[in-house]
1. Mind listing whichever residues of region 44-85 are touching a residue at least 12 places away in the same chain (Cβ under 8 Å), among the polar types (S, T, N, Q) and over 17 Å from ASP6 (Cβ atoms)?
2. So if I check each of ASP70, ASP25, which one is out of contact with any Cys (no Cβ under 8 Å at 6 or more places or on another chain), modelled with pLDDT of 95 or more, loosely packed, with under 13 Cβ neighbours inside 10 Å and acidic (Asp, Glu)?
3. Does region 12-29 hold any residues that are in a loop (DSSP other than H, G, I, E, B), in contact with a helix residue (DSSP H, G or I) (Cβ under 7 Å, 6 or more places away or on another chain) and without any contact (Cβ under 8 Å) to a residue 40 or more places away in the chain, and which are they?
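The values are calculated or read from the model by the stated rules, or taken from the named source; none is laboratory data. None of the values given here were measured: they were computed from a predicted structure. Cβ: placed from backbone, ideal geometry, glycine included. Neighbour counts: every protein chain shown.
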Amino acid sequence: MNATKDEIAGWCRAYVADLLQVPADTIDPAEDFDRLGVDSALAVSLLMEVEERYGVDLEPEELFADPTLDAVADHVLAQIVSRVA
């Protein structure tokens, strides 16, 4: 799969917005999960969907070390790039 960080973050943003039932443009991908209203159950759901969609394996620790959608996109992109290299 070929994806950019913006595409990954955009998909994550839309996914979280749908779960929170808010417009996607109200979700700041640089904002911490707790400020967005993302609890641990929603974060794990995001993790599972990201893994399935992009074929990556993210550890929950990575998700909670820097709990932002931008960080999730960085981790996903790094794994995609490492598979291609």
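1. SER45
2. Being out of contact with any Cys (no Cβ under 8 Å at 6 or more places or on another chain), modelled with pLDDT of 95 or more, loosely packed, with under 13 Cβ neighbours inside 10 Å and acidic (Asp, Glu) holds for just one of ASP70, ASP25, which is ASP25.
3. PRO23, the sole residue that qualifies.
A quick yes/no check of all residues on (1) exposed (fewer than 12 other Cβ atoms within 10 Å of the Cβ); (2) at pLDDT 95 or above; (3) β-branched (Val, Ile, Thr); (4) not in a helix (DSSP H, G or I):
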{"residue": "GLU7", "(1), (2), (3), (4)": "no, yes, no, no"}
{"residue": "GLY10", "(1), (2), (3), (4)": "no, yes, no, no"}
{"residue": "GLU31", "(1), (2), (3), (4)": "no, yes, no, yes"}
{"residue": "ALA43", "(1), (2), (3), (4)": "no, no, no, no"}
{"residue": "GLU52", "(1), (2), (3), (4)": "yes, yes, no, no"}
